[in-house]
Amino acid sequence: MASRRDFLTFSAATVLAGRIALPYGTSSGVDQRGDEPSKLAADPQRPRYHLMPLANWMNDPNGPIVWKGRYHMFYQYNPHGAFPESMHWGHAVSADLVHWKHLPIALAPTPGGPDKDGCWSGCTVVEGGIPAILYTGVFPQVQCLARSEDGMRTWQKLAGNPVIAAPPQGMQTTGFRDPCVWREEDEWFLAIGSGIEGQGGVVLLYRSRDLITWDYLHFLCKGRRDELLPGKDPVSTGEMWECPDFFPLSGKHALLVSTQGAVIYSVGAYENHYFRPEIQGKADLSDSYYAARSMPDGTGRRILWGWIREGRSEAAQRAAGWAGVMSLPRVVSLAADGRLRITPAPELETLRGKHHHFGGQQARGAFSIRGDSLEIQAEFELGASEVVGLTVRSSPGGEELTSITYNRTKAQFLVEREHSSLSPEADRGPQGGSFTLAEDETLKLRIFLDASVIEVFANDRACLTSRIYPSRPDSLGIGTLAEEGSTRLKALDVWEMRPISADKLTI
Ligand code: FRU
């Protein structure tokens, strides 16, 4: 996203320009503003089966929840354009986790209120049958409460906001935002993303009986600024942890934090209101995926969502009239080795249209199927090859092409974007990280291509999200690559994916 400085400096200017003087609760129509729908519909970079607003800027998923048999998704949204200012809560609802209907904006900044400069990220809970949102108002960063008495159509903010007016006294915090709330017997607990200057990220823990009066307890969990994840892919967990997401999982607990670089997860023990991480990893190998939040889905599953950032210049984002995409729903479970297993929700199979199957060929060359709205499944026997993978979005002469590769020697899994686009506006750096296959293991890829979005899942244990912006209309080819030639492609299955037409669904 745009730099954090953008967030911190927009406020005065936008307030003076009168750009956030939106009356609360009368927001219908506001979210329709932006570039004309025909321009956006014709934009070849705009995804067609991912959830996103009709126009303008979005970032973090906020408070996803199942309510009366429907999935509700909120998200950080700027109705004024494709840039990160004046955060509102956009709102969409789904009956099947895949198709969405847009609802009026749920939260808008209140002039003169504690959220006058933005309604930042948070969560939803249900108290005595009444849905409630806890979110961060800015500036300064404080925690606020809103409730809905009409089944999540409109939201009324507590007159006494903020409910938490400042970080614990004397603490030199690097931030204080993005509440995550859960219930234990007759008490509410609230985790806040924060960090201690010069030390590292922390999650602060609070307790309440009524969602209004909160007592600070202690750190739920604490990192170190220079902490490195074990393995060959070091990532500092930083000085600020955003968007904590804390939940029980198969007898353990999991904590996700967004470290202003990656989404790091820990699995561990939660005892006496302290969380002790035992194992850590990355929820996604790429920095295109951020601010992940999960929800229980009412059937025992935990569904994870994330914000897929743009990978092109701010000027290109503004010109497009939209920026930011919600990831596809991912199911989180505990793998046998204690790590998180994150896989695409089976519901996505309902989007599959025409099917193409290729079997038993040498894993080299191009396939007859072309497209930019596809699900691709491929399984490779590695043989003697050092590098194995697929190319997507390639032009007939190879001027544009994106490679999705596993490098056995480097134990790396990458999306390589050097030749993805001829446009100077597009990012070209590789994205990915450590990934190792066992000696006799096949490489199993599941790839979701949706215009400028790529979501890849490898062997049910690595997720890799990327953005590419091919400029040529004929950059639609798919091929395989194998350096040594002895790799065998066991099977390649491709489905043409149906668009979700989010604006049209009626519930
Ligand atoms: C994460 C984040 C949150 C904040 C929100 C503002 O991307 O920076 O910490 O609440 O975005 O939109």
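The values are calculated or read from the model by the stated rules, or taken from the named source; none is laboratory data. Quick caveat: nothing in here was measured; it's all calculated off a predicted structure. Heads up, the Cβs are rebuilt from the backbone with ideal geometry, glycines too, and the neighbour counts pull from every protein chain shown. Calculation scope for accessible area: heavy atoms of the full protein, side chains included, ligands and nucleic acids excluded. Shrake-Rupley method; radii C 1.70, N 1.55, O 1.52, S 1.80 Å.
Residues are listed down the side, and each one gets a yes or a no for (1) of a type in the set (Gly, Ala, Ser); (2) at pLDDT 95 or above:
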| site | (1), (2) |
| --- | --- |
| LEU443 | no, yes |
| SER452 | yes, yes |
| ALA458 | yes, yes |
| ARG467 | no, yes |
| THR480 | no, no |
| GLU484 | no, no |
| LEU492 | no, no |
| MET497 | no, yes |
| LYS504 | no, no |
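Within the range 256-275, the set of residues being in a strand (DSSP E or B), open to solvent by 20 Å² or more (accessible area, probe 1.4 Å) and either among the aliphatic types (A, V, I, L, M) or touching a residue at least 40 places away in the same chain (Cβ under 8 Å) (or both) comprises just one member, TYR274.
Per this entry, ARG352 is not counted among residues that are among the basic types (Lys, Arg) and under 16 Å from the mean Cα position of the chain (by Cα). Among the residues of the range 127-148, those that are open to solvent by 50 Å² or more (accessible area, probe 1.4 Å) and either closer than 20 Å to HIS88 by Cβ or in contact with a helix residue (DSSP H, G or I) (Cβ under 7 Å, 6 or more places away or on another chain) (or both) comprise PRO140, ARG147.
Looking at the range 415-507, the strands (runs of 3 or more DSSP E) lying wholly inside it that each contain 1 or more residues that are among the aromatic types (Phe, Trp, Tyr) and closer than 30 Å to VAL332 by Cβ sit at 443-450, 453-458, 488-497. Counting the residues of the range 155-173 that are within 14 Å of the ligand (Cβ to nearest atom) and either open to solvent by 50 Å² or more (accessible area, probe 1.4 Å) or not in a strand (DSSP E or B) (or both) gives 0. Only one of the numbered conditions (1) on the phi > 0 side of the Ramachandran plot; (2) assigned to a strand (DSSP E or B); (3) surrounded by fewer than 22 Cβ atoms within 10 Å (Cβ to Cβ) is not met by LEU211, and that is (2). Of all the listed residues (HIS253, HIS218), the sole one being loosely packed, with under 15 Cβ neighbours inside 10 Å and either more than 16 Å from the ligand (Cβ to nearest atom) or not in a strand (DSSP E or B) (or both) is HIS218. Considering LEU256, LEU229, the condition of being touching a Phe, Trp or Tyr at 6+ places or on another chain (Cβ under 6 Å) and among the aliphatic types (A, V, I, L, M) is satisfied by LEU256 alone. A Cβ distance below 8 Å, combined with a sequence gap of six or more or placement on separate chains, defines the contacts here; from the range 96-125, residues that are under 20 Å from GLY137 (Cα atoms) and more than 16 Å from the ligand (Cβ to nearest atom) reach residues that are assigned to a loop (DSSP other than H, G, I, E, B) and of a type in the set (A, V, I, L, M, F, W, C) in the pairs PRO111/ILE20; PRO111/ALA21; VAL125/LEU211.
Put simply, of ALA82, ALA108, ALA95 the only residue that is of a type in the set (A, V, I, L, M, F, W, C) and touching a Cys at 6+ places or on another chain (Cβ under 9 Å) is ALA108. Of the residues making up the range 95-123, those that are assigned to a strand (DSSP E or B) and open to solvent by 20 Å² or more (accessible area, probe 1.4 Å) number 3.
Residue-wise test of (1) in contact with a strand residue (DSSP E or B) (Cβ under 9 Å, 6 or more places away or on another chain); (2) of a type in the set (S, T, N, Q).
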position	(1), (2)
HIS357	yes, no
PHE367	yes, no
LEU382	yes, no
GLU386	yes, no
THR391	yes, yes
GLU399	no, no
ARG408	yes, no
GLN412	yes, yes
GLU425	yes, no
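Checked against the criterion of being open to solvent by 20 Å² or more (accessible area, probe 1.4 Å), farther than 30 Å from SER250 by Cα and part of a loop (DSSP other than H, G, I, E, B), the candidates GLY359, GLY397 yield just one match: GLY397.
When you go through TYR71, TYR77 one by one, which is the residue that is in contact with a Leu (Cβ under 8 Å, 6 or more places away or on another chain) and crowded, with 20+ Cβ neighbours inside 10 Å?
TYR71
Per the listing LEU334, LEU382, LEU328, the residue uniquely in contact with a Lys or Arg (Cβ under 7 Å, 6 or more places away or on another chain) and under 24 Å from LEU256 (Cα atoms) is LEU334. Residues being open to solvent by less than 10 Å² (accessible area, probe 1.4 Å) and of a type in the set (Asp, Glu) are represented in the range 174-191 by at least one member. Of the residues SER208, SER250, the single one that is more than 20 Å from TYR290 (Cα to Cα), of a type in the set (Gly, Ala, Ser) and touching a residue at least 60 places away in the same chain (Cβ under 8 Å) is SER250. Filtering LEU229, LEU256, LEU211 for residues that are modelled with pLDDT of 95 or more and more than 17 Å from the chain's Cα centre (by Cα) leaves a single hit, LEU211. If the requirement is being within 21 Å of SER266 (Cβ to Cβ) and in a loop (DSSP other than H, G, I, E, B), which of these qualifies: ASP150, ASP226? Matching residue, one of ASP150, ASP226: ASP226.
Which one of these is among the small types (Gly, Ala, Ser), more than 22 Å from ALA95 (Cβ to Cβ) and open to solvent by less than 30 Å² (accessible area, probe 1.4 Å): ALA319, ALA291, ALA345? Outline the logic, then answer.
Values: ALA319 fails: open to solvent by less than 30 Å² (accessible area, probe 1.4 Å); ALA345 fails: more than 22 Å from ALA95 (Cβ to Cβ).
Among ALA319, ALA291, ALA345, only ALA291 is among the small types (Gly, Ala, Ser), more than 22 Å from ALA95 (Cβ to Cβ) and open to solvent by less than 30 Å² (accessible area, probe 1.4 Å).
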